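The values are calculated or read from the model by the stated rules, or taken from the named source; none is laboratory data. None of the values given here were measured: they were computed from a predicted structure. All Cβ positions, even for glycine, are placed from backbone atoms using ideal geometry, and neighbour counts span all protein chains on display.
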Amino acid sequence: MSIRIDPDACTGCGLCASVCPGSLITLEAPGGRACIRRPGDCWGCASCLKECRSGAISYFLGADIGGDGAIMSVRDEGRALEWIFRRRDGTVLRISVRRDESNAY
């Protein structure tokens with residue numbers, strides 16, 4: 001499991017770094033963009049994905065966890081988060097989760 005950070009999409013807000021439980025994400029020059037030096041150490045909690053407002057972070061869903069190599073990203077829709085799954089075959093699955101219901105269990 002691992003995240004990928006697109007430095008061109010990153011705004012350098014630092015939200016991802018502030019929520020990473022392993023302190024794996026740092027803001028680095030140039031421009032104070034988010035960076036993960038050891039992606040293999042990522043715990044796969046997806047906290048950074050949920051906080052990233054610019055969609056700069058994606059998560060690799062390997063076959064070992066049933067993801068068959070899909071790439072997951074999250075887009076902030078205000079009152080909802082849109083989870084986007086890009087599969088290896090090119091298909092895209094989108095799931096919208098309302099923020100006020102996301103932890104209601």
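Consider residue 92 carefully, then state whether it is of a type outside the set (Ser, Thr, Tyr), farther than 18 Å from residue 5 by Cβ and either modelled with pLDDT of 90 or more or within 14 Å of the chain's Cα centre (by Cα) (or both). Please lay out each step first, then the result.
On the way: of a type outside the set (Ser, Thr, Tyr): yes; farther than 18 Å from residue 5 by Cβ: yes; either modelled with pLDDT of 90 or more or within 14 Å of the chain's Cα centre (by Cα) (or both): yes.
For residue 92, the condition - of a type outside the set (Ser, Thr, Tyr), farther than 18 Å from residue 5 by Cβ and either modelled with pLDDT of 90 or more or within 14 Å of the chain's Cα centre (by Cα) (or both) - is met.
Test each condition in (1) at pLDDT below 80; (2) farther than 29 Å from residue 100 by Cβ; (3) under 15 Å from the mean Cα position of the chain (by Cα) for residue 33 and report the one that comes out false.
For residue 33, the exception is condition (1).
Being surrounded by 15 or more Cβ atoms within 10 Å (Cβ to Cβ), at pLDDT 90 or above and not in a loop (DSSP other than H, G, I, E, B): is that true of residue 9 here?
Considered against the rule, which asks whether it is surrounded by 15 or more Cβ atoms within 10 Å (Cβ to Cβ), at pLDDT 90 or above and not in a loop (DSSP other than H, G, I, E, B), residue 9 comes out as no.
Could you check, for segment 59-66, whether at least one of its residues is hydrophobic (A, V, I, L, M, F, W, C), buried (at least 16 other Cβ atoms within 10 Å of the Cβ), in a loop (DSSP other than H, G, I, E, B) and touching a strand residue (DSSP E or B) at 6+ places or on another chain (Cβ under 7 Å)? Can you show your working first?
Our first condition is that a residue be hydrophobic (A, V, I, L, M, F, W, C); within segment 59-66, this holds for 60-61, 63, 65.
Now drop any that are not buried (at least 16 other Cβ atoms within 10 Å of the Cβ), which leaves 60-61.
Restricting the remaining residues to those that are in a loop (DSSP other than H, G, I, E, B) gives none.
No, every residue in segment 59-66 fails to be hydrophobic (A, V, I, L, M, F, W, C), buried (at least 16 other Cβ atoms within 10 Å of the Cβ), in a loop (DSSP other than H, G, I, E, B) and touching a strand residue (DSSP E or B) at 6+ places or on another chain (Cβ under 7 Å).
Which residues, counting only those in segment 19-45, are among the aliphatic types (A, V, I, L, M) and buried (at least 17 other Cβ atoms within 10 Å of the Cβ)?
Hits for segment 19-45 are 24, 25, 34, 36.
Considering only residues of segment 46-55 that are at pLDDT 85 or above and part of a helix (DSSP H, G or I), which is surrounded by the most Cβ atoms within 10 Å (Cβ to Cβ)?
The residue in question is 48.
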